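Take a look at the structure set out below.
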Amino acid sequence: MAEISNNIQQARALLEAGELTAIPTETVYGLAANALNPEAVAKIFEAKNRPSFDPLIVHIAYPSEVEKYAAVFPGPARTLALKFWPGPLTLLLPKKPIVPQLTTSGLDTVGLRCPNHPLTLGLLRQLDFPLAAPSANPFGYISPTTAQHVQDQLGDKIPFILDGGTSVVGLESTIVGFEKGTPVIYRLGGLSLESIEGLIGKVEVKLHSSSNPQSPGQLTNHYAPRKKVFVGNLDALIRQHYGQSFGILSFKTPYGMDNSYVLSPKGSFTEAAQNLFGMLRELDQSPVDFILTELVPDTGLGRAINDRLKRASAHA
Ligand code: TXA
Ligand code: MG
């Protein structure tokens, strides 16, 4: 099992030796290695059982580091970075040769993010390299939002988990790239479409490309528990499955049955996002056969919550 501690110096020593460490971020926990060291990065793919065509996000300590790793930093990207970093935003930018091919899976862009978590920012500021880190879960499964989630799934494959408490955002970062200079959102996440458009104007959203995804985070069946998830009108779903063994994940209405969870009794998207992955995990581990859930209103963070619920329910 991995050691769990909040000691940054232990994490630092391991990362400097080319080893893996799980790190807390405000979105979800990441599985980190020196992004500039291909042997270290290879260990991430191995531990996660992740296909090597899936590029990693490179985490930096300061927005000013973008220019070390990206060849171009377009105006709208700069505007977004200045406003939302550190925070749940990943920018896809043309990479410089210093970033190894393995880190970007051979793509000529690199995903950069300055995460907003005091422990991890403290760690990054002490390191003289950035950290490649995908979410710290086996490929395709729900992302972890606590150190214990990481321990449960990857504890036998990694030496150390830096414990920074429960991730406060609870959804992965929003990924923004640029096509001929025009911003495009490839993954909805902890930063809402409205916040982005409020700053730089209308942005195209391209979430699905099932055949040849530019990023597997776009795969329809991703972020999924092992149990089947059905999304729809909860009252109708419950009637339809009456007498069967199911769990319930509702937005704000309590169902008062065994194995029923409420994302946010007060109907807050922020609270719902914080609870989403943890509750899906608990339902996945509970003695039910399948999970019934409903979409939330499709605005703000609700869009990203709905995106994850739909993917969790896509039975490939
Ligand atoms: O919030 C987050 O983004 C978390 C924390 C740990 O930072 N990380 C995360 O990483 O969610 P991961 O690897 O689970 O998801 C990142 C997604 C993947 O779908 C990957 O394919 C895509 O970002 N991605 C990374 N670099 C890319 C690139 N250069 N071009 C296209 N997609 C990229
Ligand atoms: Mg992931």
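Points to keep in mind about this one:
- Enumeration of residues in the stretch 1-51 that are within 16 Å of ligand 2 (Cβ to nearest atom) and among the β-branched types (Val, Ile, Thr): ILE23, THR25, THR27, VAL28, VAL41, ILE44
- Only one of the numbered conditions (1) crowded, with 20+ Cβ neighbours inside 10 Å; (2) touching a Ser or Thr at 6+ places or on another chain (Cβ under 7 Å); (3) assigned to a loop (DSSP other than H, G, I, E, B) is violated by ILE142, and that is (2).
- Extreme residue, modelled with the lowest pLDDT, among residues of the stretch 40-51 that are within 20 Å of GLU172 (Cβ to Cβ) and surrounded by fewer than 17 Cβ atoms within 10 Å (Cβ to Cβ): PRO51
- Identification of helices (runs of 4 or more DSSP H) wholly contained in the stretch 218-316 with 2 or more residues that are within 24 Å of VAL150 (Cα to Cα) yields 269-285, 301-312.
This table checks each residue for (1) touching a Ser or Thr at 6+ places or on another chain (Cβ under 7 Å); (2) aliphatic (A, V, I, L, M); (3) surrounded by 19 or more Cβ atoms within 10 Å (Cβ to Cβ); (4) under 24 Å from SER105 (Cβ atoms).
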| position | (1), (2), (3), (4) |
| --- | --- |
| GLU3 | no, no, no, no |
| ASN6 | no, no, no, no |
| ARG12 | no, no, no, no |
| THR25 | yes, no, yes, yes |
| LEU31 | no, yes, yes, yes |
| PRO38 | no, no, no, yes |
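- Remark: pairs (first residue in the stretch 46-59, within 13 Å of ARG113 (Cβ to Cβ); second residue of a type in the set (S, T, N, Q) and at pLDDT 90 or above; Cβ separation under 6 Å; 6+ apart in sequence or on different chains) = PRO55/THR104; PRO55/SER105; LEU56/THR103; ILE57/THR90.
- Here the condition is being on the phi > 0 side of the Ramachandran plot and of a type outside the set (Ser, Thr, Tyr); of GLY278, GLY300, it holds for GLY300 alone.
- Cβ-Cβ distances below 6 Å connect the following pairs, each with a first residue in the stretch 166-182 that is in a strand (DSSP E or B), a second residue that is among the β-branched types (Val, Ile, Thr) and within 16 Å of ligand 2 (Cβ to nearest atom), and a separation of six or more residues or different chains: ILE175/THR90.
- Whichever residue in the stretch 105-135 is of a type in the set (Gly, Ala, Ser) and in a loop (DSSP other than H, G, I, E, B) and, among such residues, is farthest from ligand 1 (Cβ to nearest atom): GLY106
- Just one of the listed residues (TYR141, TYR186) is of a type outside the set (Asp, Glu), within 16 Å of ligand 2 (Cβ to nearest atom) and at pLDDT below 95, namely TYR141.
The values are calculated or read from the model by the stated rules, or taken from the named source; none is laboratory data. Source: prediction; values computed, not measured. Don't worry about glycine lacking a Cβ; one is built from the backbone with ideal geometry, like all the others, and counts go over all protein chains shown.
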